[in-house]
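This report concerns only the one structure given below.
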Amino acid sequence: MELDLFVRYGPDLLRGFGVTILCWIAGSLGGLVLGFAIACLYRWSIRPVRWVIEGYVELIRGTPFMIQLFILYYGGPYMGLVLTPVQAGIISFVVYGSPYFAEIFRSGFNAVPKGQIEAARCVGLSEARIMRRIILPQMLVPITAPLTNFIIILSKETAILSVVTVPELLYETQTMAAETFTYIEPFLVLSLFYWLMVIVTSWLGGRVEARVTRHLKRT
Amino acid sequence: MDFSFDVIAHNLPYLLAAARWTLLISVAGMAISMVLGVLLCAARLTPNLALSAFARFYISFFRGVPLLVQLLMFFYMLPYVGLDLPAIAAAILATGMCSAAYTAEILRGALQAIPKGQAEAAEALGIPSLALWRRILVPQAIRLGLPSLVNELILLVKVSSLASVVGIGELTRVSQNITGETYRPLEIYVAAAAIYFVINFVLSRFGRLAEKRLQIG
Amino acid sequence: MTTQTPSATAEALISVRNMSKSFKDFEALRDITLDVNRSEVVCLIGPSGSGKSTLLRCLNFLEAYDTGEVRLEGELIGWQEGTAQPRRRVAAGTLRRQRQHIGMVFQQFNLWPHLTALENVAEALIQVKGLGKKAAQEAAMAALAKVHLSDKAQNHPANLSGGQQQRVAIARAIAMEPRVMLFDEPTSALDPELVGEVLTVMKEMAAEGMTMVVVTHEMGFAAHVADRVAFLDKGRLVTLAPPADIFGREPDDPRVRSFLQTYRERNVV
């Protein structure tokens, strides 16, 4: 293994790692917020609006992320939207993730038994209160696992951003490999690195899940 | 902004021809995924510790590394170990091997969703264990797992776009090529998105139909 | 028909007039007329699917009845006053105010599992009645004392038995000081040995003068606690009479007779 290679390209790789993390976190957070807004809008709106939302969800989920990224990055300028690769990457992440997050939130809303919401209405709690005090704290239980799962999926999708020259980890690794004609070691190390990232994230997700389900345990 | 449908109409035949490669990669990938997935699931559930540890490792690794990185690694590695596969075969193999990790977990989840009492009832009746698996557990696991398996196929249609990166002329790659000639990325990529969408829409409706027909009772 | 037409008395707390309710093609309730007086206990009995629960859920507009009226102390519940068709729902805030006066207890308790017993009871006191946290907790403790659960205030529902959960649910409702309490098969989800503690609490409430409408399969409770018993069948109110007239002698109506026969065979009454 050519260790000095990793020393020489260390700063570049580190910067690439930073960009990967930036796109991942910004994209996930944006997708979470947009997804939650979509799920709420769906819950409280009339039928035509629901159809529009359903169409959006189906459309985004039915097409590859790479094509969505290309439409935004290469097609954007034709719609007056000129973006840097990183900007395009983050925005397309937000758009791509939002319907998946929305579906998770929607299933979370539905997972709270109807009777509990009826009981809340019977004592006169308002819809906003019911959302904040009854639904939100409880839906954390069923949604933590799928949320973690999807955030992990997003962490891996960051690799695709290299295709539009976002200088993230895969892009920097490819540059290093091409400049030094060494392929096997860099990609092995890169794989291990992503793998580790996924294991750590799912461990963290498990911790969060254990925390939000505390009150359900019999003592 | 001038969105030209003429550009789309003119290039549609090329895009549709490329979509056949997209379908080939996903369907062939799914076939590999099913076979390998059943084996992995069985290995994961055997009492044999070495086998089940290997299955665990395989599933964790292939689910933990981005498919694009796997694809690139496959490409650089194959010549290294002296395997001279055509690019398309390598792409299909890599896709199928990755997907198998997910398929194995889908099947395992479905198996675990079958109430334990059914196996106990079979045991009480003296039904041998191979027959129990073949006649009672596996058919139900496929039924229970069908929605997820159709989802996995739809996922494969979408990830087949990654094969463009290693130069395979499927839908995404051909779109890029046409864009390079026409300088109309918006029209071409929207058209490509529409084709992907139609494929997946048909698959998901088909999946629902199959689900209904296989429904118990 | 043996239905005793209730005289529309001035002191009727709840008055239901010609109320009907359908779900798509299924006619769940047909032309129900019924008065519940102050401090009265009315039990609704009848075979499953007879509409008892639907009737109860129409009283606080959890189900929107189609035609007719439900009034609490003269105020129309759920729909706006007036004869315009189609009727319009009252504003969300108005419905919340109306419901505050109608306590409800469900078959499945419907406690909020992420809150303690005390928090379950105090939640609406704080958010709806606008009590301060301290005052709400005191009121909630008082309500829990009434259902004999002062010592379980800090438990989450997962750490309470079914009977205890149902008593917390009762406390949650009575803490709002409702004018009337609705019970929807409050003991049907309980193990037999836990039924008694819930019925005891309900008897005590009745003795204190609470107005109650109870959907139940506990014929003993209906016979001994109810002031009047309503028998429903296929969405119609067949009989409304004091329990002695229903349980004490052979009922005239064959539907009531055959319904009670199944209970007698099981030695319940």
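Can you list the residues of the stretch C:144-160 that have at least 40 square angstrom less accessible area with all protein chains present than in their chain by itself, probe 1.4 Å? Those are C:Ala158, C:Asn159, which lose 40 Å² or more relative to the chain on its own. Per residue, the stretch A:3-214 exposes an accessible area of 45 Å² to a 1.4 Å probe, with every protein chain left in place.
Multiplying the residue separation of C:Lys203 and C:Asp25 by 0.36 nm and removing their Cα-Cα distance gives an extension gain of 60.2 nm. Using a 1.4 Å probe over protein heavy atoms, the accessible area lost on pairing A with B, summed over both chains, comes to approximately 3000 Å². With all protein chains in place and a 1.4 Å probe, the accessible surface of the stretch B:5-214 carries 68 percent carbon and sulfur.
On a straight-distance basis, which aspartates and glutamates could pair with C:Lys134 in a cross-link, Cα separation under 15 angstrom, same-chain partners fewer than 8 positions away excluded? Once the sequence-local aspartates and glutamates are set aside, what remains near C:Lys134 is C:Glu119, C:Glu123.
Normalising by residue count, the protein assembly as shown has a Cα convex hull of 227 Å³ per residue.
Among the chymotrypsin sites (Phe, Trp or Tyr not before Pro) within the stretch B:162-204, those in coil by DSSP and having at most 13 neighbouring Cβ atoms inside 10 Å are B:Tyr183.
Screening chain B for whole DSSP H helices of 30 Å or more along their axis (Cα) with average Kyte-Doolittle hydropathy at least 0.5 returns B:5-45, B:87-113, B:185-214. Just so you know, the averaged projected area of the alpha carbon convex hull for the stretch A:3-214 sits at 14.5 nm².
Heavy-atom accessible area buried between chains A and C is around 2100 Å² (1.4 Å probe, both sides summed). With a 1.4 Å probe rolled over the protein heavy atoms of all chains, the accessible area of C:His148, C:His217 falls in the order C:His148, C:His217, largest first.
Using the 1.4 Å probe convention, the accessible area of chain B works out to 52 Å² per residue with neighbouring protein chains retained. The apolar share of the surface of the stretch A:3-214, taken as the fraction of accessible area on carbon and sulfur atoms (1.4 Å probe, ligands and nucleic acids excluded), comes to 69 percent.
For C:Lys234, a cut-off of 18 angstrom between C-alpha atoms picks up these lysines, skipping any fewer than 8 places away in its own chain: C:Lys21, C:Lys24, C:Lys52.
Helix-only arithmetic for chain C: the sum of -39500 (n - 2.57) across DSSP H runs with n ≥ 4, divided by the residue total, places the mean residue ellipticity at 222 nm at -10000 deg cm²/dmol. Of the chymotrypsin sites (Phe, Trp or Tyr not before Pro) found in the stretch A:160-205, those in coil by DSSP whose Cβ has at most 12 other Cβ atoms within 10 Å are A:Phe181. Surface composition of chain C: carbon and sulfur atoms hold 48% of the protein heavy-atom accessible area at a 1.4 Å probe. Accessible area per residue (1.4 Å probe, heavy atoms of protein chains only) ranks C:Asp245, C:Asp151 as C:Asp151, C:Asp245, with the largest value leading. Just B:Val190, B:Val150, B:Val27 to compare: in a GNM of chain B, with alpha carbon springs under 10 Å, which one fluctuates most? Maximum among the listed residues: B:Val190. Solvent-accessible surface of the stretch C:199-248, averaged per residue with a 1.4 angstrom probe and all protein chains in place: 34 square angstrom.
The values are calculated or read from the model by the stated rules, or taken from the named source; none is laboratory data. All values reported here derive from a predicted model rather than from experimental measurement. In this analysis, Cβ positions are derived from the backbone assuming ideal geometry, glycine residues included, and neighbour counts consider all displayed protein chains. Note: accessible area is taken over every heavy atom of the protein model, side chains too, but ligands, DNA and RNA are not part of it. Shrake-Rupley method; radii C 1.70, N 1.55, O 1.52, S 1.80 Å.
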